[in-house]
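Student: One structure coming up, written as structure tokens, with questions to follow.
Rule-based calculations on the coordinates, nothing more; no lab input. Keep in mind that this is a model prediction, so the values were computed, not measured. Cβ atoms come from the backbone with ideal geometry, glycine included; neighbour counts cover every protein chain shown.
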Amino acid sequence: MVIRSCSSFTAIVKSMPHIARMKPSFSDPVWQNSNLRESQRVARKIRSGAYCYFVFVGISYLRSRLSHGTKANHARSGIYRSIEEKPMAEMGTSAVWHDADKSWEMRDLPLPELEADAIQIRVKATSVCGSDLHIWRGDGIPEGAPPRDPFVFGHEMMGEVAALGNKVTTDSLRRPLKEGDRVAYSYFFPCARCYNCLRGEFGACKFRSGRKTLDEWPVCNGGFAQYYYLRSPNYVFKLPDSISNAAAAPINCALAQVYEAMHLGGVRLGDNVVVQGAGGLGVNATAVARELGAAKVIVIDGQKHRLDLALQCGATHTIDMNDYDTPESRIERVMELTNGIGADKVIEVVGFPAVVEEGLKMVRMRGTYLEVGHISPNSIAQIDVQQMVSNQIRFYGIQHYDPWIIPNAIDFLERTADEYPLTSVVSHEFPLDQIGKAFETAEWLGTQSGSEVTRAVITP
């Protein structure tokens, strides 16, 4: 027996009729009788004594449990160091990034009290996205700018349900949801109240929230951690058993993001598509474009193993930057492959400004340029606006996506598993305490041969 609150004591006392009946009725006209008042005072003392007795029994029981319980039981229930202390909150380890000295710190942070509409996720796999590398490098931060406060990042992830708020019984498709279920979910939180949200454009919510600093715990949490707090409003979807944890991690970013881009850009049957970059986003973009009916998918990168994977995932042609080492030669090659017309759609997933100027010259007249890769501030590209106007080029900037994209991405990944080896996009796995090594291994900028990593995954 564990007595948790005064309400529990009350229930026990009320179960003893000879004590419960002693509660006075102040509306009784005979209450004024002095003998009765005296007997009621005695009754109150008896009831008070009963409360004290049960408090004493509860504390004695708790002490005995703490002194004789196993370490595992203590960890599950929370340990009292003294009777006066509150139980310790359950903790989870997070990889905290310090901008000031470019270092990682493994820090135990308390799990938040679960809100009614929230879900506590036990993270099983988090990818090192290209945008994470931008943050790690400090790309776009002006020289001399003060360092950002310590924070936890990582967003391309999946996990299993550790705990459900008392109002959560299903996923976002109304399928029963329980602890232990594996799920994919969006990593940003729309306000559900602004103009764009009211139009159903949740990916374009101006007031969406995401990564914050440790001062705003628990909403500062990120995927490079053992737990992730999925606050409301959230969008969460059960995963089929056929998709592994590592394969599921990129669903909510690499796959969902390019799926949204192809949807907004209107990729359709017979299109010629150029993909600038064959990292995690680029390989997924290749497969999605091919699945949507693109006649040619031309992938540009400088690392052979990535280009080989792109060919396995639907690319019809590749352009190796080691063979075509100038923008002019790559533009000319695209024109050759498209009979001098240019590409119907070009999608940029590298994240460096010079790539944009090059890619715009690959787009056919009245074609579309899809900009996905740039997330760093101060990313300034030299663009010939007159060229864009004369060629009537449509330009889309894409960041985030609408919630319906995730279940479609899950279906795509499961349905095409035998056709496109997208599970091979994840090439390396690291435990959480080796996150520094994971980033160093994934880094390709400034190295002669690039990186052997297509996508590295952290498994907390």
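Student: Can you give the extra length, in nm with one decimal, that the chain gains between Lys437 and Arg193 once fully stretched, where that is 0.36 nm per residue apart less the Cα-Cα distance?
Tutor: Working: separation 244, 0.36 × 244 = 87.84 nm, distance 4.15 nm.
Going from the current span to full extension adds 83.7 nm.
Student: So, one more: Treat every Asp and Glu Cβ in segment 378-460 as -1 and every Lys and Arg Cβ as +1, leave all other atoms uncharged, and give the resulting dipole magnitude about the Cα centre to the nearest 20 debye.
Tutor: The calculated dipole for segment 378-460 is roughly 260 debye.
Student: Given 0.36 nm per residue, what is the gain on full extension from Glu90 to Glu143 after removing their alpha carbon distance, in nm? Intermediate results must be reported in sequence, preceding the final value.
Tutor: Working: separation 53, 0.36 × 53 = 19.08 nm, distance 4.00 nm.
That works out to 15.1 nm of additional length.
Student: Could I ask something else about it? Which residues' amide hydrogens lie under 5 Å from the amide hydrogen of Thr318, considering only partners 5 or more residues apart or on another chain, with H built in the peptide plane?
Tutor: Those lying under 5 Å, H to H, from Thr318 are Val299.
Student: Full-extension gain between Glu357 and Arg394, please, as 0.36 nm times their residue separation minus the C-alpha to C-alpha distance.
Tutor: Values: separation 37, 0.36 × 37 = 13.32 nm, distance 1.41 nm.
Taking 0.36 nm per residue and subtracting the Cα distance, the gain is 11.9 nm.
Student: Report the calculated FRET efficiency for Arg107 and Asp308 (r = Cβ-Cβ distance, R0 = 41 Å), to the nearest 0.05. Working shown, then result.
Tutor: Details: r = 40 Å, r/R0 = 0.97.
About 0.55, to the nearest 0.05.
Student: What FRET efficiency comes out for Asn378 versus Ser242 if R0 is 41 angstrom and r is the Cβ-Cβ distance? Round to the nearest 0.05.
Tutor: Details: r = 43 Å, r/R0 = 1.04.
FRET efficiency, Asn378 to Ser242: 0.45.
Student: Also: Between rounded, prolate and oblate, where does segment 121-188 land on the alpha carbon gyration tensor, with a ≥ b ≥ c its root eigenvalues, rounded for a/c under 1.5, else prolate if a/b exceeds b/c? Don't skip to the answer; put the middle values down first.
Tutor: Values: a/c = 3.39, a/b = 2.77, b/c = 1.22.
The shape class here is prolate.
Student: Let me ask something else. For segment 260-404, rounded, prolate or oblate, judged on the Cα gyration tensor with a ≥ b ≥ c (square roots of eigenvalues), a/c < 1.5 rounded, else prolate if a/b > b/c? Show your work: numbers first, answer last.
Tutor: Numbers: a/c = 1.17, a/b = 1.06, b/c = 1.10.
Rounded shape, in that the Cα axes give a/c under 1.5.
Student: Using the structure shown, select from Lys206/Lys361; Lys167/Lys238; Lys102/Lys206; Lys296/Lys361; Lys238/Lys345 the pairs with a Cα to Cα distance greater than 23 angstrom. Could you put the intermediate results ahead of the total?
Tutor: Working: Lys206/Lys361 31 Å; Lys167/Lys238 17 Å; Lys102/Lys206 30 Å; Lys296/Lys361 18 Å; Lys238/Lys345 32 Å.
Violating the 23 Å Cα-Cα cut-off are Lys206/Lys361; Lys102/Lys206; Lys238/Lys345.
Student: For the charge dipole of segment 243-354, defined by +1 on Lys and Arg C-beta atoms and -1 on Asp and Glu C-beta atoms about the Cα centroid, which residue among Ile300, Ile251, Gly280 has the Cα displaced farthest towards the positive pole?
Tutor: Positive-most Cα among the choices belongs to Ile251.
Student: Right, another one. Convert each backbone phi in segment 369-383 into a coupling constant with the Karplus relation 6.51 cos²θ - 1.76 cosθ + 1.60 (shift: θ = phi - 60°), then list the ³J(HN,Hα) values in order as whole Hz, x for Gly and Pro.
Tutor: Values, residue by residue: 10, 10, 9, 10, x, 8, 10, 7, x, 6, 8, 9, 10, 8, 10 Hz.
Student: Can you give the local net charge around Pro327? Use residues other than it whose beta-carbon is closer than 12 angstrom to its beta-carbon, Lys and Arg +1, Asp and Glu -1.
Tutor: Numbers: positive: Arg330, Arg333, Lys361; negative: Asp325, Glu328, Glu332, Glu357, Glu358.
So the surrounding residues net to -2.
Student: Find which of Ser427, Thr454, Ala354 sits farthest along the positive direction of the dipole of segment 351-460, computed with +1 on the beta-carbon of Lys and Arg, -1 on that of Asp and Glu, about the Cα centre.
Tutor: Ala354
Student: Ala116 versus Glu429, label points 7 Å from Cα toward the beta carbon: distance in nm?
Tutor: 4.0
Student: Further, regarding this structure: Can you give the charge dipole size of segment 260-404 about its Cα centre, rounded to the nearest 20 debye, using +1 on the beta carbon of Lys and Arg and -1 on the beta carbon of Asp and Glu? Don't jump to the answer; show the numbers that get you there.
Tutor: Numbers: 12 positive and 18 negative charges, 71 e Å.
Value, rounded to 20: 340 debye.
Student: Note down the net charge around Ile398, summing +1 for each Lys or Arg and -1 for each Asp or Glu among other residues with Cβ under 15 Å from its Cβ. Spell out each step's value before the answer.
Tutor: Working: positive: Arg208, Lys345, Arg394; negative: Glu201, Glu260, Glu348, Glu371, Asp402.
Once all neighbours under 15 Å are counted, the net charge is -2.
Student: Determine ³J(HN,Hα), in whole Hz, for all residues of segment 119-124 in sequence, where each value follows from phi through the Karplus function 6.51 cos²θ - 1.76 cosθ + 1.60 and θ = phi - 60°; x replaces Gly and Pro.
Tutor: 9, 8, 9, 8, 5, 10
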